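Please treat every number below as a calculation from the coordinates, not as lab data. All of these numbers come straight from a predicted model, not from anything done at the bench. All Cβ positions, even for glycine, are placed from backbone atoms using ideal geometry, and neighbour counts span all protein chains on display.
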Amino acid sequence: MISARRSYLDLIVDAIGTGAVPMYSDIQGKLNYELGQSHRFSLLSISSFDHIDIAADAQAQDEDDVVWNADQHVLGASWKWLLEPRGIRPHIPGLQLY
C-alpha cells in the first residue's frame with residue numbers, strides 16, 4: 001500500500017498575497033508478506049520533504065535570502081513468528097534516518 005500527498009499553497013501564492021509559502025510533501029508505504037504458515041514480515045517506510053524560500057526585499061541592504069530544506073525518513077521492519085496457535089513472537093528491528 002502506498003500513499004502520497006503534497007501542499008498546493010504554491011499554486012495560490014498570488015491570491016493570498018504573500019511571497020513565501022512552505023512547500024511540503026510526504027509519502028508512506030507498507031508491505032506485508034507471509035513467508036510461510038507461521039512467519040509474517042512487514043516493512044513500513046515514511047518520508048517527508050519540506051521547503052521554503054524567502055527572498056529578501058531588493059531595497060533592504062541588511063536582509064538575506066532564507067532557504068530551508070528538510071527531509072526526514074523513517075524505515076521499520078517487523079517479523080512475526082507464530083510459535084503455536086495461541087501465541088506470536090515478534091522480532092522488531094528498526095532503522096531511522098534523518
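Given R₀ = 22 Å, what would the calculated FRET efficiency be for Ser42 paired with Asp71, taking r from the Cβ atoms and rounding to 0.05?
With a Förster radius of 22 Å, E is 0.40.
Where does each of 21-34, 39-52, 3-16 land if you order them by average Cβ count within 10 Å, highest first?
39-52, 21-34, 3-16
Note down the nm distance, to one decimal, between modelled labels 7 Å out along Cα→Cβ at Asp57 and at Asp26.
3.5 nm
Within a 10 angstrom radius of the beta carbon, how do Trp68, Trp79 rank from fewest other beta carbons to most?
Trp68, Trp79
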